[in-house]
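K.L.:
Quick one: the structure is below, and I'll ask about it shortly.
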Amino acid sequence: MPLGFRILNNQYFDSVFLMRVNKRLSEEPGVQDSAVLMGSEGNKKLLVELDLSAPGVQQANANDLIVVLRADSEERCAEVLARLPDYLKGGGGEDVERRFRTLEAGIQEKPAANLAVISVPGEFAAREARKALEKGLHVFLFSDNVSIKDEKALKDYASTQGLLVMGPDCGTSLIGGVGIGFANAVRKGLIGALGPSGTGLQEFTCQVHNAGFGISHAIGTGSHDLSDQVGGITTLTGLDALDRDPGTEAIAIISKPPGTRTLETVMDRIKTCHKPVIACFLGLQTELPNTNKAFIPCDTIDAAVKASIHAIGGDLTTTSSVEGFDNKDMLSQEGAGISTVNKSLRGLFAGGTFCYQTQDIFRRNGISLKSNAPLQKDQMLEHPDHCSGHCVIDMGDDYFTQGRPHPMIDGTERAKRILQEARDPELRVLLLDFILGYNASRDPVGELAGAIHDAQDWVQQRGRRLSVIASICGTEDDPQELKLQERMLTELGVVVFRSNARAAQFCLDLIRQV
Amino acid sequence: MSMEKVDELLTKPLVVINLGLSGFADSLEAQEVEVIQVDWVPPAGGDSELMDILDKLM
């Protein structure tokens, strides 16, 4: 099938904008495949892997835009490529007079700056972060694909300067009530939080907010911070800062299990904390030492929320929002028709922590789930595209997001996967998550509503039953309107929870009815 | 090492330089945070050797 391409020299656009352009191109009639990327070395390699490279494409440099199409005919390629200027309108590019191109220019304009938020491609990110630190700025580093060696070097340097590096691969932080990156609109309060996981911190902070309490600061540390190679440098700095912070009365840590040596270091530090510390190390299979009476280990994010609220003198049982239905009634309603023929659970997640926590809840109840991001290596799926039995898929994993938008900002790939799973006669329970907040999709439920409806139709027409269970992570102050998103789901017959742990527990109880 | 700067980050208003995705600057502005958007482009066309030379010159 014919391949067409264009290289637009010296026209730089950010990756989120280009993914949106790519989505629109790929929806053009006659277009079979497409890629819209800047010409960095990594992207040029990706084009080769995607079989979308052409000899001329490899000449592009990191400031050049590459657009590649595979379409039904050469004419169709040419027609679509001729309309590129229309697609690229509004993305910055060549026709907007830009004010600032470099970190230095930005600092010159805003000398009082105290934080650099960096989301440039990974191969350039460490360099920019280092420059920001040298200028005395704290860093929130959203970019991933930064090497562990560079991360360690950045954090070691930051420590010598008394600065904080949140990241790399840091999805969220809340500093003094301000959400950075993929954060939710959460009120200020007395609970501080720390953690490498973006969606884990979002779930924690939203639940605290929805229970009527608030967050002093939630410090994202970056996904590798608690590895033994990095040694928890940001976690320890953050823990110290929250311990000193007069506005924080209790501190929660939400994370996958740290490296063995780092766990010891963190536990030693917790011993000397002056405030209650609530630790939720999801998936940790060893008992944590009970260091002092102000240390509270928790198995789930929900338990950490409850313990944190209790630690500041609150009571979750009287202030918690509830789902608005009786769990037992709903279980018997959804359980009708469970059979040994179609009894499988499929979880399709935008949030990696939700995929992980779901597996951990099932594991603790004696059921192993297969996954592309498994708790234990022996539960690894043979291929991320194919499920059998009970499976949970982290659709934010690199396999699904190389050259494509993350499911938190675009539901296209997840919608396709819902329809794929519906065709599997084993499917009985579908578990989904929806993440609201700044920078997330403006209508996460709307993006999947059609696929959920079509999946239900497909299954029903074949005389089977499908229960769709969902969790929503968000607050009523988020741009997407929590209640509107919830209502759209309930109108589709979806059972909705404001907690991934409760949704996962419901699925567990459901499939146990077999 | 003094942690005064980290304490200040948690207690003083944020003033942000946003390098990259403009949506992050938009959401900070929506929260009434002082923010400058830098429409970053790879220095030296992304050539790492040239970047090293540039760094040494600066």
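K.L.:
What is the percent of Cα-Cα separations in the range A:389-514 that go past 21 Å?
P.N.:
Working: 3030 of 7875 pairs.
It works out to 38 percent of all Cα pairs.
K.L.:
How many angstrom lie between the Cα centre of the range A:236-295 and the Cα centre of the range A:455-514?
P.N.:
Between the Cα centres of the range A:236-295 and the range A:455-514 lies a distance of 33 Å.
K.L.:
To continue, here is another question. Which whole-Hz couplings ³J(HN,Hα) result when phi for each residue of the range A:237-249 is put into the Karplus expression 6.51 cos²θ - 1.76 cosθ + 1.60, θ = phi - 60°, listed in order with x for Gly and Pro?
P.N.:
With coefficients 6.51, -1.76 and 1.60, one gets 4, x, 4, 4, 5, 5, 5, 7, 4, x, x, 10, 10 Hz.
K.L.:
Separate question: Given R₀ = 60 Å, FRET efficiency for A:ASP385-B:SER2 by Cβ-Cβ distance, to 0.05? Before the final figure, lay out each step's value.
P.N.:
Working: r = 52 Å, r/R0 = 0.86.
After rounding, the FRET efficiency stands at 0.70.
K.L.:
List every residue whose amide H lies under 5 Å from the amide H of A:ALA71, counting only residues 5 or more places away in sequence or on a different chain, with H placed 1.01 Å from N in the peptide plane.
P.N.:
Hits under the 5 Å cutoff: A:GLY4, A:GLN32.
K.L.:
Check A:ILE435: other-chain or 5+ apart residues with amide H under 5 Å from its amide H, H built from backbone geometry?
P.N.:
Residues meeting the amide H criterion: A:CYS473.
K.L.:
A:GLU41 versus A:ASP228, label points 7 Å from Cα toward the beta carbon: distance in nm?
P.N.:
Result: 3.1 nm between the two label points.
K.L.:
As an exercise, use a Förster radius of 35 Å and the Cβ-Cβ distance of A:ASN10 and B:GLN31 to find the FRET efficiency, rounded to the nearest 0.05.
P.N.:
Values: r = 33 Å, r/R0 = 0.95.
Rounded to the nearest 0.05, the efficiency is 0.55.
K.L.:
In peptide A:447-456, what is the residue-averaged number of other protein chain Cβ atoms found within 10 Å of each Cβ? Write down the numbers at each step before the final one.
P.N.:
Values: counts 0, 0, 0, 0, 0, 0, 0, 0, 0, 0.
Per residue, the average neighbour count from other chains is 0.
K.L.:
Sequence-distant or interchain residues sharing an amide H contact under 5 Å with A:ILE393, placed H: which?
P.N.:
Close amide H contacts, sequence-distant or interchain: A:GLY347, A:LEU348, A:PHE349.
K.L.:
Under a crude label model (7 Å from the Cα following the beta-carbon direction), how far is A:GLU27 from B:ALA44 in nanometres?
P.N.:
Placing both labels 7 Å beyond Cα along the Cβ direction yields 4.1 nm.
K.L.:
What is the log10 of I(q)/I(0) for the range A:173-321, computed with the Debye formula using one identical point scatterer on each Cα and no solvent, at q = 0.08, 0.09, 0.19 Å⁻¹?
P.N.:
-0.18, -0.23, -1.10
K.L.:
Ignoring everything except DSSP H segments at least 4 long, calculate the 222 nm mean residue ellipticity for the protein assembly as shown; use -39,500 (n - 2.57) per segment, divide by total residues, nearest 500.
P.N.:
Working: 22 runs with 224 residues, N = 572.
Estimated from H runs of four or more residues: -11500 deg cm²/dmol.
K.L.:
In chain A, which cysteines lack any other cysteine Cβ under 4.7 Å from their own?
P.N.:
So, A:CYS77, A:CYS170, A:CYS206, A:CYS273, A:CYS355, A:CYS473, A:CYS507.
K.L.:
Over all Cα pairs of chain B, how is the pair count split among 10 Å bins, expressed in % and running from 0 up to the last occupied bin?
P.N.:
Percent of Cα pairs in each bin: 20, 28, 29, 23, 0.
K.L.:
Along its principal axes, what span do the Cα atoms of the range A:3-87 show, with the longest given first and each in whole Å?
P.N.:
Extents along the principal axes: 30, 24, 18 Å.
K.L.:
Now for a separate question. Tell me, what ³J(HN,Hα) does each residue in the range A:25-32 have, in order and in whole Hz, if you take phi through Karplus 6.51 cos²θ - 1.76 cosθ + 1.60 with θ = phi - 60° and put x for Gly and Pro?
P.N.:
4, 5, 8, 5, x, x, 8, 8
K.L.:
Now, a different point. Report the local net charge at A:GLU481: Lys and Arg +1, Asp and Glu -1, summed over other residues whose C-beta lies under 11 Å from its C-beta. Let's see the in-between values first.
P.N.:
On the way: positive: A:ARG442, A:LYS483, A:ARG487; negative: A:ASP443, A:GLU476, A:ASP477, A:ASP478, A:GLU486.
Net charge in that neighbourhood comes out at -2.
K.L.:
Taking each residue in B:25-36, count the Cβ atoms of any other chain within 10 Å of its Cβ, then average. What number comes out? Could you put the intermediate results ahead of the total?
P.N.:
Numbers: counts 2, 2, 12, 7, 0, 4, 7, 1, 6, 4, 5, 10.
That works out to 5 on average.
K.L.:
Multiplying the sequence separation of A:SER147 and A:GLU491 by 0.36 nm and subtracting their Cα-Cα distance, what value in nm do you get? Walk me through the numbers before you get to the answer.
P.N.:
Values: separation 344, 0.36 × 344 = 123.84 nm, distance 4.55 nm.
The A:SER147-A:GLU491 span can extend by a further 119.3 nm.
The numbers here are math on the coordinates, done by the rules we state, and not lab data. As the structure is a prediction and not an experimental result, all values here were calculated from the model. Backbone-built Cβ (ideal geometry, glycine too); neighbour counts: all protein chains shown.
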